[in-house]
Amino acid sequence: MYDIMTRLSGAKPVYVPLARMSVDLDAMAAAVTSRTRLVFLTNPNNPTGSIFSEDAFISFLGSISSDIVVVVDEAYIEFVRDPACAHAITFAAGERPVVVLRTFSKAFGLAGIRIGYGVMPAELALLLNRVRQPFNVNSLAQAAAMAAMDDDRFLNRTLEVVHNGLEYLYEELDRMGIAYVPTQANFLLVAVRRDADEVFEEFLRRGVIVRSMSSYGYPSHIRVTVGLPEENARFISVLKDIMQ
């Protein structure tokens, strides 16, 4: 998405590879030039579920020009359990331009109504408001988002289900000897040691939807979203069948 929007604006996207399945902030800083105007980061990262720490983020901000806009996508931030994780929203009111993007599509379960929000300095918000499409968020979606923000019971229950589900998946995958990337999100990157597209099709034929990570540059990995206990058990059962 960021690649497409960058090109549509007439800019040139510059990609920086991950390091050990995590965003490499040192390499990101090294890739910045005098022509850089905008930097996109994701925390937690998709599809690996890895995070960068607050200390690392502070160091990164200090190593690049203060007039570069740093955009941090925190779509999965509610699922994070690591206390060292950076929460860029605490930097949005600072002296430098930091923009934080969050969504109600993940932990709050409102993906179908497509609503999220950005936190940023007022001058940046004013600029964005000039070019945004009119009526870009409908009133029903806004009402649902406001209600979701007050529904702590639902959010806490969601986090409990996801975190318990991850522990179950870790245990089962360890027992099967299948590698995965420990995650701070609600999904898991699993190394199936086979063509991911073929594995995706085999899951689909058995009525289970996972995602092949071939398009992300991981041709032997799939990504699975944590579900209800019975759904997680179904995934493991089908995975055992496929891997055998």
Look at Tyr76 and say whether it is outside the structural domain of Ser237 (by TED's automatic domain parsing) and among the aromatic types (Phe, Trp, Tyr). yes
All-but-one check, Pro134 against (1) outside the structural domain of Phe187 (by TED's automatic domain parsing); (2) exposed (fewer than 13 other Cβ atoms within 10 Å of the Cβ); (3) under 22 Å from Glu78 (Cβ atoms), failing number (3)
Selected residue [touching a Leu at 6+ places or on another chain (Cβ under 7 Å), assigned by TED's automatic domain parsing to the domain that holds Glu231, in contact (Cβ under 8 Å) with a residue 24 or more places away in the chain and not basic (Lys, Arg)] from Val99, Val181, Val162, Val71: Val181
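Yes/no matrix, rows are residues, columns are (1) aromatic (Phe, Trp, Tyr); (2) part of a strand (DSSP E or B):
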{"residue": "Phe154", "(1), (2)": "yes, no"}
{"residue": "Leu166", "(1), (2)": "no, no"}
{"residue": "Gly207", "(1), (2)": "no, no"}
{"residue": "Pro219", "(1), (2)": "no, no"}
{"residue": "Arg223", "(1), (2)": "no, yes"}
Enumeration of residues in segment 5-28 that are over 16 Å from Asp73 (Cα atoms), among the hydrophobic types (A, V, I, L, M, F, W, C) and not in a loop (DSSP other than H, G, I, E, B): Leu8, Ala19, Ala27
Is it true that some residue in segment 129-147 is within 21 Å of Leu41 (Cα to Cα) and within 23 Å of the chain's Cα centre (by Cα)? no
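Among the residues of segment 29-72, write down those that are among the aliphatic types (A, V, I, L, M) and more than 19 Å from the chain's Cα centre (by Cα).
Of segment 29-72, the ones among the aliphatic types (A, V, I, L, M) are 29-32, 38-39, 41, 51, 56, 58, 61, 64, 68-72.
The answer is Ala29, Ala30, Ala31, Val32, Ile58, Leu61, Ile64, Ile68, Val69.
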Any residue at all in segment 86-96 that is out of contact with any strand residue (DSSP E or B) (no Cβ under 8 Å at 6 or more places or on another chain) and of a type in the set (Lys, Arg)? no
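The values are calculated or read from the model by the stated rules, or taken from the named source; none is laboratory data. The shown structure was predicted, so the numbers you read here are calculated from the model rather than taken from an experiment. Glycine also receives a Cβ, built like all others from the backbone with ideal geometry; neighbour counts cover every protein chain displayed.
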